[in-house]
Amino acid sequence: MKQNKTGQPMDEAVIQTDHLARRFGHFIAVRDVTMSIPRGAIFGLLGPNGSGKSTLIRMLCGVLRPSGGSGRVLGVDVSADPEAIKRRIGYMSQKFSLYSDLTVRENLEFYARIYGLDRQRRAQRQEAVATWTGISQYMDRPAAQLSGGWKQRLALACSLVHEPEVLFLDEPTAGIDPVARRDLWDLLFDLSHRGVTMMVSTHYMDEAERCTHIGYIYMSRMIALGRPDQLKADPAITPEGTRRWEFVCTQPAAALARARALPVIRDATMFGDRLHLLADKAVSPEELVAQLAATDPAAAARQIPPTLEDVFVLLSRKQSSNLQETEKAA
């Protein structure tokens, strides 16, 4: 059996749900979520605002009781014993939620006391997480005076001071610069190698690509679940008889309108300053240029594999279409 640095089995399921659901009155926030996340995984939780990400995390943290189904974290039932879960997990929110008027040292001390660490253990763990996150140099600086990236490092250090086995991170890199984002992800990779299991909600596709496992929740339903390479290789993403293309030209908006009017193009989406196309296999790159930007000398098409964004766009549209058909039938 594969083991991590601490000798723990990596195939062990640390987070499990079976038809987990949550309702608020007549509104269903999370519907029928079934998944299994192994130890040491970095599970990327993606989805639009209001899709149910935060509600799912709150149930798994033992903060919100499920309305249906079941969930287990580290073998503990989230409904039966939520307090036992809280002692063994860490949580880091999107918005900086520590005490801005306290110093870095005082914030670490406060959270170590909350988790019941004795005096000797508090000192050991504060030094350990401060050194590991690199924030030791700012121990006597008020948290309010830290930059966004260093605030997130402090939040991460506080969430780890009690050595949790599972860490929930709600959009941890929102609003920080690209260098700070990369540095924070380096720390998350190190945690994963140490056997810490993480659930990370994010809107960034490049961060989703870094995760070992992905869950995409849309309109309260988990519509995609698996490893990034598995999701992109799903035959439904690039159906038989089609190919995916990246198309560049000087007027992509005009080309997008033309693409969507062509029967041979199944799907067309803008990605920055270029298009991603799903077209019939018989269509050649020369034909795409001729149809979409014939007079543009810069126009070109190249075949590409699907991206995770392609996966999520296609599945979201399919889910919306299925729900509309269901409503019409009702």
In the stretch 23-82, what residues are more than 30 Å from Trp185 (Cα to Cα), assigned to a strand (DSSP E or B) and aliphatic (A, V, I, L, M)? Ile28
Is there any pair with a first residue in the stretch 283-308 that is in contact (Cβ under 8 Å) with a residue 60 or more places away in the chain and a second that is part of a loop (DSSP other than H, G, I, E, B) and surrounded by 11 or more Cβ atoms within 10 Å (Cβ to Cβ) whose Cβ atoms are under 9 Å apart and which are 6 or more apart or on different chains, and what are they? Pro305/Thr238; Pro306/Asp234; Pro306/Ile237; Pro306/Thr238
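Table: residues versus (1) within 22 Å of Leu45 (Cα to Cα); (2) open to solvent by 30 Å² or more (accessible area, probe 1.4 Å); (3) in contact with a Phe, Trp or Tyr (Cβ under 7 Å, 6 or more places away or on another chain).
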residue	(1), (2), (3)
Thr307	yes, yes, no
Leu315	yes, yes, yes
Lys318	yes, yes, no
Asn322	no, yes, no
Count, please, the residues in the stretch 226-266 that happen to be within 30 Å of Met35 (Cα to Cα) and either β-branched (Val, Ile, Thr) or assigned to a loop (DSSP other than H, G, I, E, B) (or both). 8
Cβ-Cβ distance below 8 Å, separation of 6 or more or different chains: which pairs start in the stretch 220-244 with a residue that is on the phi > 0 side of the Ramachandran plot and end on one that is open to solvent by 60 Å² or more (accessible area, probe 1.4 Å)? Ser220/Arg31; Gly241/Lys281
Of the conditions (1) assigned to a helix (DSSP H, G or I); (2) of a type in the set (A, V, I, L, M, F, W, C); (3) touching a residue at least 40 places away in the same chain (Cβ under 8 Å); (4) within 21 Å of Leu45 (Cα to Cα), Ala112 fails just one. Which one is it? (4)
Does Ala29 count as at negative phi, out of contact with any Phe, Trp or Tyr (no Cβ under 9 Å at 6 or more places or on another chain) and modelled with pLDDT under 95? no
Can you work out which of the residues in the stretch 240-280 that are β-branched (Val, Ile, Thr) and farther than 16 Å from Pro305 by Cβ is surrounded by the fewest Cβ atoms within 10 Å (Cβ to Cβ)? Thr250
Counting just the residues of the stretch 290-330 that are at pLDDT 90 or above and hydroxyl-bearing (Ser, Thr, Tyr), which one comes out nearest to His213 (Cα to Cα)? Thr307
Going through the stretch 104-143 in order, the residues found to be over 24 Å from Arg87 (Cα atoms) and open to solvent by 60 Å² or more (accessible area, probe 1.4 Å) are Gln137, Asp140, Arg141
Any idea which of (1) touching a helix residue (DSSP H, G or I) at 6+ places or on another chain (Cβ under 9 Å); (2) assigned to a loop (DSSP other than H, G, I, E, B); (3) within 29 Å of Gly44 (Cβ to Cβ) is the one Thr269 doesn't satisfy? (2)
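The values are calculated or read from the model by the stated rules, or taken from the named source; none is laboratory data. Keep in mind it's a predicted model, so treat the numbers as computed, not measured. FYI the Cβ positions are ideal-geometry reconstructions off the backbone, even for glycines, and counts take in every protein chain you see. Side chains are part of the model used for accessible areas, which takes the heavy atoms of the whole protein and leaves out ligands, DNA and RNA. Shrake-Rupley method; radii C 1.70, N 1.55, O 1.52, S 1.80 Å.
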